[in-house]
Ligand SMILES: NC(=O)c1ccc[n+]([C@@H]2O[C@H](COP(=O)([O-])OP(=O)(O)OC[C@H]3O[C@@H](n4cnc5c(N)ncnc54)[C@H](O)[C@@H]3O)[C@@H](O)[C@H]2O)c1
């Protein structure tokens with residue numbers, strides 16, 4: 001979608017971090033933006049940050065884990081702006097190491113990180129198809145969707161799933177003129193380490209406990225991570241140029257190459273593929 005001016009973006013998790021930065025990047029390109037978020041105060045503060053800028057940015061409360069809530073937020077965006085073109089399924093929460101995590105913790109992370117994306121696609125796809133002006137989904141995964149090395153299983157599982165859903169959607173929607181990007185950042189300096197602040201009552205309170213050394217290390221890496229605005233600039237370019245994978249951290253390429261090589265090494269044990277054997 002080369003020309004963003006005058007079009008509309010809808011961003012879940014838009015009150016903080018990467019979502020808020022994407023909202024600024026899209027608004028700077030002349031888009032109207034709807035911020036959808038579960039946290040009322042940061043949502044208000046985010047909207048206040050646009051006051052006086054001449055940008056058309058609004059907010060709507062939304063819990064992406066509940067389909068009715070996403071459907072309501074989608075309708076609010078359509079009512080406010082007429083049409084929505086770019087849908088960023090970005091809201092997400094982080095989880096703990098596998099041995100620490102309860103089944104309700106698993107469900108919380110899956111409902112927000114995975115079902116949130118499913119809900120966003122379901123709520124907006126008929127609308128994007130119907131207005132015929134083209135559209136674009138940006139689904140926020142993570143490098144954890146490719147590199148599961150640190151053992152945060154629920155988070156990793158949801159991010160692998162978001163990569164998989166997005167790859168399938170891109171193929172499926174190309175004929176409709178609807179693009180898809182999957183955002184796969186490494187460490188970004190946001191509030192993700194404090195995800196428990198957004199845990200809905202339905203999932204109960206997470207038991208208080210001391211952070212493990214790995215968790216402390218990760219919180220440090222996030223704190224010192226890339227600026228959200230730099231990530232958002234890459235996302236905006238990906239939407240404009242219809243790029244599918246949005247990678248952000250060059251230093252994560254070698255471990256990714258190693259992982260792919262492990263697949264290939266295992267595969268080569270089967271012998272040559274039929275075509276190779278013929279040539
Ligand atoms: N920060 C990183 O290092 C990093 C790396 C890779 C991927 N990500 C992904 O980026 C996305 C954005 O996270 P962030 O790092 O900006 O963190 P953040 O905590 O700063 O922002 C997340 C936003 O999502 C909102 N949110 C949480 N649960 C919600 C729900 N149920 N419904 C609606 N909104 C909800 C929060 O209120 C918050 O505004 C997430 O999907 C995260 O997994 C982050």
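None of the figures in this text is laboratory data; all of them are computed from the coordinates on show. Owing to the predicted nature of the structure, the values given are computational and were not obtained by experimental measurement. Virtual Cβ from ideal backbone geometry, glycine too; neighbours counted across all protein chains shown.
When ranked by the protection proxy of mean other Cβ atoms within 10 Å per residue, highest first, what sequence do the peptides 210-216, 177-183 form?
Going by the mean number of other Cβ atoms within 10 Å, highest first, we get 177-183, 210-216.
With an 8 Å cut-off on Cα pairs and a minimum separation of 6 or more residues, tell me the relative contact order of the range 8-252 in percent.
20 percent
Taking the beta-carbon count within 10 Å as an exposure proxy, list 243, 257 from fewest neighbours to most.
With the fewest neighbours first, 243, 257 line up as 257, 243.
If you split all Cα-Cα distances of the range 62-112 into 10 Å bins from zero, what percentages do you get per bin, shortest first?
22, 39, 23, 13, 3
For the range 27-79, what value does the Rg/Rh ratio take when both radii are computed over Cα atoms and Rh is the Kirkwood radius, given to two decimals?
The Rg/Rh ratio comes out at 0.99.
Using only the alpha carbons of the range 8-252, determine the length spanned along each of the three principal axes and report them from longest to shortest in whole angstroms.
That works out to 49, 36, 32 Å along the principal axes.
For a distance above 26 Å, tell me the whole-number percent of Cα pairs in the range 1-154 that qualify.
Summing the P(r) of the range 1-154 above 26 Å gives 26 percent of all pairs.
Arrange the following residues from fewest to most other Cβ atoms within 10 Å of their Cβ: 18, 218, 192.
Ranking 18, 218, 192 by Cβ neighbours within 10 Å, fewest first, gives 218, 192, 18.
Using only helices, what value at 222 nm comes out for the chain when you add -39,500 (n - 2.57) per DSSP H run of length 4 or more and divide by the total residues, to the nearest 500 deg cm²/dmol?
When only DSSP H runs of four or more count, the value is -14500 deg cm²/dmol.
P(r) for the range 209-272, please, calculated from all Cα pair distances in 10 Å bins and given in %.
Percent of pairs per bin, in order: 16, 26, 31, 20, 6, 0.
Run through all the Cα pairs of the range 108-260 and give the fraction in each 5 Å bin from 0, expressed as whole percent.
Once binned at 5 Å, the Cα pair distances of the range 108-260 give 2, 8, 15, 20, 21, 15, 10, 6, 2, 1, 0.
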